[in-house]
Amino acid sequence: MAAYARRTVDPTRELSQFLTSRRAQVTPEQVGLPSYGHRRVPGLRREEVASLAGVSVEYYRRLERGNATGASAQVLEALADALRLDDAERAHLFDLARAAGPIPPRHRDRPVRQRVRPTVQRVLDSIAAPATVSNTRGDHLAANHLGRALYAPLFESREQPPNSARFTFLDPTAHDFYPDWDKVARDIVATLRQTAGRHPYDRSLTDLIGELSTRSESFRVWWAAHNVRNHQTGSKRIHHPLVGELQLSYEVMQITADSDLRLAIFTAEPGSRSQQALDILASWAANQSQLTVVGPDTAQARYR
């Protein structure tokens, strides 16, 4: 794999840019303030945010410069209320404030897990629905047979190691695999942005961000928006090369013993066309003695 310049996640800069971007998205009318005169920039003025949060203008300016020294939970909560942050954005603000404190929490940043324990794999194999395990960077570390069959284009992509962001932004087949590619891609960026706030010193994460920023203009643009999201449940459309279009619901659960690992399970509405397609895919997967990571050309041959 080619080497890419590492884009270090600077918590101070991240906090500054996040607050600026959120302030720009709130209008005076949304928070019950009068709007007088011409505004050179969209959103609230710094003085208005400070007033809504009950802090001095100079204190808020300091926060927006990325200096969170001494910022209490009460101040951050008031600031989140003033900026009308949702739950994901509120958690991200607290993560950034902690990381931008006077003592960078390098000693608290554990390496993100790279493999799953045998017990976790056995749990995966016992699940009848498609299931995968990934870490907080989106590296797909394990799957049951049906999960690997469902996400075969990702596991068999030329873009390795298998990672949801790497596949989505760098493999052209992702546009066919995800009919709603734009939404999927934006959600991935928002999830990565939140992860970077929580783990600013994860070298593998910053390497991934650097690679995606270098190779994908779409990623660069959406990364600069500082949007964050939580995705524990939802629905997703997939166009599978073997069984066609699937409309699936998903649930994502943290593996308690491995806090950096997430179990994702995909299901279809009983009796639906998608469930029938999943049944066909399950039958196909059951006939494979072992699904291994192979090259895309070989994968295409297997699907014919």
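Points worth noting:
- Candidate set: the stretch 1-36, residues that are among the β-branched types (Val, Ile, Thr) and assigned to a loop (DSSP other than H, G, I, E, B); chosen: the one modelled with the highest pLDDT: Val26
- So Arg262, is it among the basic types (Lys, Arg), assigned to a strand (DSSP E or B) and either in contact with a helix residue (DSSP H, G or I) (Cβ under 8 Å, 6 or more places away or on another chain) or within 18 Å of Ala143 (Cα to Cα) (or both): yes
- Verdict on Arg62 being touching a residue at least 12 places away in the same chain (Cβ under 8 Å) and surrounded by fewer than 19 Cβ atoms within 10 Å (Cβ to Cβ): no
- Qualifying residue in the stretch 239-260 (condition: surrounded by 14 or more Cβ atoms within 10 Å (Cβ to Cβ), hydroxyl-bearing (Ser, Thr, Tyr), touching a strand residue (DSSP E or B) at 6+ places or on another chain (Cβ under 8 Å) and touching a residue at least 60 places away in the same chain (Cβ under 8 Å)): no
- Test for Asp171: is it closer than 20 Å to Gly234 by Cα and acidic (Asp, Glu): no
- For the stretch 69-95, a residue qualifies if it is under 24 Å from Pro42 (Cα atoms) and outside any helix (DSSP H, G or I), and the qualifying residues are Leu83, Arg84, Leu85, Asp86.
- Candidates in the stretch 37-66 are the residues that are at negative phi and touching a Pro at 6+ places or on another chain (Cβ under 9 Å); of these, the one that is modelled with the lowest pLDDT is Arg39.
The values are calculated or read from the model by the stated rules, or taken from the named source; none is laboratory data. Model, not experiment: these values are computed from the prediction. Here the Cβ is made from the backbone with ideal geometry for all residues, glycine too, and neighbour counts use every protein chain on show.
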